[in-house]
Every structure is written in structure tokens, then in C-alpha cells.
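S.K.: Take a look at this one; I'll ask things after.
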């Protein structure tokens, strides 16, 4: 099976599915959106995915589609009358020709449509688990990288300079 190349995330669907974000949403929706995106940055970088987080704005009167790029994540706010599901479906069709597309949603109907279009669905809980595992892998790799290399002065300077420093130390 081919590797996933594109990732679409139904933003509000995920926020409503993850307890931590759901609680934050109740006090500050904008902060919940930022937290979701921040949680994803390391994950999509590690996986090398072209990523789109889509937020519904279809109930907002007079809203136009708005796109932003934050680090390596494309953020989309849909226009009035367009749900995140519609935006995702519209874009899966084209991208599925270029590579494997995965969609994070708990919406059952949307999952069926994704399958029919050749995409892969990931539930929000599976996605959260995958993000946590990725963070763990990055942490382990980083820890190994720094414990394998002792960063002592002796290893980073030449012998002549080391002798001079030792002489100075003894004279103090």
C-alpha cells in the first residue's frame, strides 16, 4: 500500500472529539483551534504530509473562503454555505489522483464518501493516538542523539589549545 501523501482534518469535528480541546472550546474557540494546529505541527513534519485543517464557516453570513499557512499546515475557513465536509470532498477528488489522501473525521457519512473516492479515513481518537506516538518517537530520537554525543570541551578543541587552557587553570 502507498504512503499517505495528503491529510485533511475536519477541524471542528476533531475539536469536538478530543476532551482537552472540547473543554478549551467552551471557553475560547479560537484558542482551541490554535491548540489543535500546534499539536499537529510536529506530527505532519515527521510524516511529511501536505496537510489541510478545515474549519466550517458556512453558517457565518457573508463569509468568504479564507486560507492561511501556518508553518507547514494549510488552514482553511470555508465560505458561507460550504461545510468542511464539502470542501474536503471537493479536494479529495483531485488529490487522490496524485497520491493517497487521508481524512480525519468521526462523521460516518463522510467516512463512507471518503472510501468511495479512494481516500482513507482516520477517526479523531486514532489521530490523537498517532500524534502522541509520533511525539514519543521524536523525543526518543532526540534523547538518543544528545546522550550519544558528549559535548565536552575536550572533544571540541585541538590538543594545543587544551594544553594552554590547562596551564591557565593551574596558574589561577
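The values are calculated or read from the model by the stated rules, or taken from the named source; none is laboratory data. Here the structure is a predicted model, which is why all the values come from computation and not from measurement. No Cβ is skipped: glycine too gets one built from the backbone with ideal geometry, and neighbour counts run over all protein chains shown.
S.K.: Among (1) in contact with a helix residue (DSSP H, G or I) (Cβ under 6 Å, 6 or more places away or on another chain); (2) assigned to a helix (DSSP H, G or I), which single condition is residue 6 missing?
M.R.: In the conditions (1) in contact with a helix residue (DSSP H, G or I) (Cβ under 6 Å, 6 or more places away or on another chain); (2) assigned to a helix (DSSP H, G or I), residue 6 misses (2) alone.
Residue-by-condition table, conditions (1) surrounded by fewer than 18 Cβ atoms within 10 Å (Cβ to Cβ); (2) at pLDDT 95 or above; (3) more than 18 Å from residue 129 (Cα to Cα):
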residue: 9; (1), (2), (3): no, yes, no
residue: 15; (1), (2), (3): no, yes, no
residue: 26; (1), (2), (3): yes, no, yes
residue: 30; (1), (2), (3): yes, no, yes
residue: 38; (1), (2), (3): yes, no, no
residue: 41; (1), (2), (3): yes, no, no
residue: 45; (1), (2), (3): yes, no, no
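S.K.: Taking region 107-120 as the region of interest, how many residues are farther than 11 Å from residue 85 by Cα and in contact (Cβ under 8 Å) with a residue 12 or more places away in the chain?
M.R.: Counting residues in region 107-120 that are farther than 11 Å from residue 85 by Cα and in contact (Cβ under 8 Å) with a residue 12 or more places away in the chain gives 4.
S.K.: Out of all the residues in region 21-30, is one or more under 27 Å from residue 139 (Cβ atoms) and either assigned to a strand (DSSP E or B) or touching a residue at least 12 places away in the same chain (Cβ under 8 Å) (or both)?
M.R.: Among the residues of region 21-30, at least one is under 27 Å from residue 139 (Cβ atoms) and either assigned to a strand (DSSP E or B) or touching a residue at least 12 places away in the same chain (Cβ under 8 Å) (or both), which makes the answer yes.
S.K.: Only one of 85, 38, 94 is within 15 Å of the chain's Cα centre (by Cα) and either farther than 25 Å from residue 108 by Cβ or in a helix (DSSP H, G or I) (or both). Can you tell me which?
M.R.: Among 85, 38, 94, only 38 is within 15 Å of the chain's Cα centre (by Cα) and either farther than 25 Å from residue 108 by Cβ or in a helix (DSSP H, G or I) (or both).
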